[in-house]
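Asker: Have a look at this one.
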């Protein structure tokens, strides 16, 4: 056993921060500890007329941009059971990816109980259209559009990637999505037991085609599915493993990875600088994006 006094200071700091990830202040802790000198950000841009229809864009620093002149465009959707969340708390995700060369857009979207399914998907589709329309402004390659999300946000990413209705409704071809990434997403969760999820999807009137797993076809884009072994919120076997199996059966390129040391929240938390020791999530995401981890 290694005595704690011999651990690097960064590891001790991360170990101290890790328990905070069980609470709602976790992302604020991560944001306070990540670097600020390897990206540029445009904050609070409007992709629609409503107050929740705002988006933040993270660009590589000039040195990073020079190494990757046409980086991928990643649109990241945060989780929160479709009832909570705000883009301002996910700067650590923007830094994790923009610091390695990606252009990252993180939108807010309307939440339950103010709205119900599928309104949050409609907002997410509008945000994607805005990101594609502004890709040139930020130096991103609009043909390397990658949708990404955690938990409920992974559901949003999956639905936009797999079900053509949502992007078509905003004038985008579903083929614009070159790939998608899901972290601990719920992809097959009927019947619904959790009260807030019931409200968001108006259970028991929830349509069967609200489930991402119902939309897998041989034309589905490649996927990276990441899951935590210690996930007590979203069953990784039924959801991530089940969707990976369905995609493979359809002949779709998919990579599925599970991590033994993280839970539902620390899975995405490990993208942040202080918690990267917990799981190589950032490394695996960057490799999938064709970028090199720094």
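Asker: What ranking do 206, 266 get, fewest neighbouring Cβ atoms within 10 angstrom at the top? Numbers along the way, then the final one.
Answerer: Numbers: 206 19, 266 23.
Lowest count first: 206, 266.
Asker: Assuming R0 = 30 Å, can you tell me the calculated FRET efficiency for the pair residue 136 and residue 253, based on Cβ-Cβ distance, to the nearest 0.05? Walk me through the numbers before you get to the answer.
Answerer: Details: r = 28 Å, r/R0 = 0.92.
So, using R0 = 30 Å, E works out to roughly 0.60.
Asker: When you have a sec, figure out the Kirkwood radius of the stretch 4-289 from all distinct Cα pair distances and drop it here in Å to one decimal? Spell out each step's value before the answer.
Answerer: Numbers: mean 1/r = 0.0532 Å⁻¹.
For the stretch 4-289, the Kirkwood estimate is 18.8 Å.
Asker: Sum -39500 (n - 2.57) across every DSSP H segment of at least 4 residues in the chain, then divide by the residue count to get the 222 nm mean residue ellipticity, nearest 500.
Answerer: -8500 deg cm²/dmol
Asker: Going by how many other beta carbons lie within 10 Å of each one, how would you line up 160, 33, fewest first?
Answerer: 33, 160
Asker: How big is the antiparallel share of DSSP beta bridges in the stretch 4-289, given as a percent to the nearest 5? Walk me through the numbers on the way to the answer.
Answerer: Details: 10 of 36 bridges.
Here the antiparallel bridges make up roughly 30 percent for the stretch 4-289.
Asker: Rg and Dmax of the stretch 119-188, using alpha carbons, in Å: what are they?
Answerer: 11.5, 37
Asker: Still on this structure, I have one more. Pop the C-beta distance of residue 43 and residue 261 into the FRET formula with R0 = 22 Å and round what comes out to the nearest 0.05.
Answerer: Working: r = 33 Å, r/R0 = 1.49.
Given R0 = 22 Å and the Cβ-Cβ separation, E is 0.10.
Each value in this text was obtained by applying a stated rule to the coordinates, not by laboratory testing. The structure displayed is predicted, hence computed values, not measured ones. A quick note on method: Cβ atoms are made from the backbone with ideal geometry, for glycine too, and the neighbour counts reach across all protein chains shown.
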